[in-house]
């Protein structure tokens, strides 16, 4: 009985409200661009921290090196976000 009830529930595809599709695409594009710029800036900051901390400031260099995987992880999430949500949402 329960499986019949669940099978009868409609599952329409996502659809943007009239006139909002282009605005949503623009907003998402701006956010993605901002995230990529922040990622590049983050990698540059990590590199500067490693260069500055090379002599007598080993904790600064270690913090810079430790930040690189986090920046790369964030960039990876940004790059795969649309595909990941599309795969999960169907």
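Some observations on this one:
- Hey, residue 37 part of a helix (DSSP H, G or I) and surrounded by 10 or more Cβ atoms within 10 Å (Cβ to Cβ) or not: yes
- Some residue of the range 56-79 being surrounded by 14 or more Cβ atoms within 10 Å (Cβ to Cβ), free of Cβ contacts under 8 Å to residues at least 12 places away in the same chain, under 22 Å from residue 14 (Cβ atoms) and under 16 Å from the mean Cα position of the chain (by Cα): yes
- Checked against (1) outside any loop (DSSP other than H, G, I, E, B); (2) exposed (fewer than 11 other Cβ atoms within 10 Å of the Cβ), residue 10 meets all criteria but (1).
None of the figures in this text is laboratory data; all of them are computed from the coordinates on show. From a predicted model like this one, the values you see are computed outputs, not experimental measurements. Don't worry about glycine lacking a Cβ; one is built from the backbone with ideal geometry, like all the others, and counts go over all protein chains shown.
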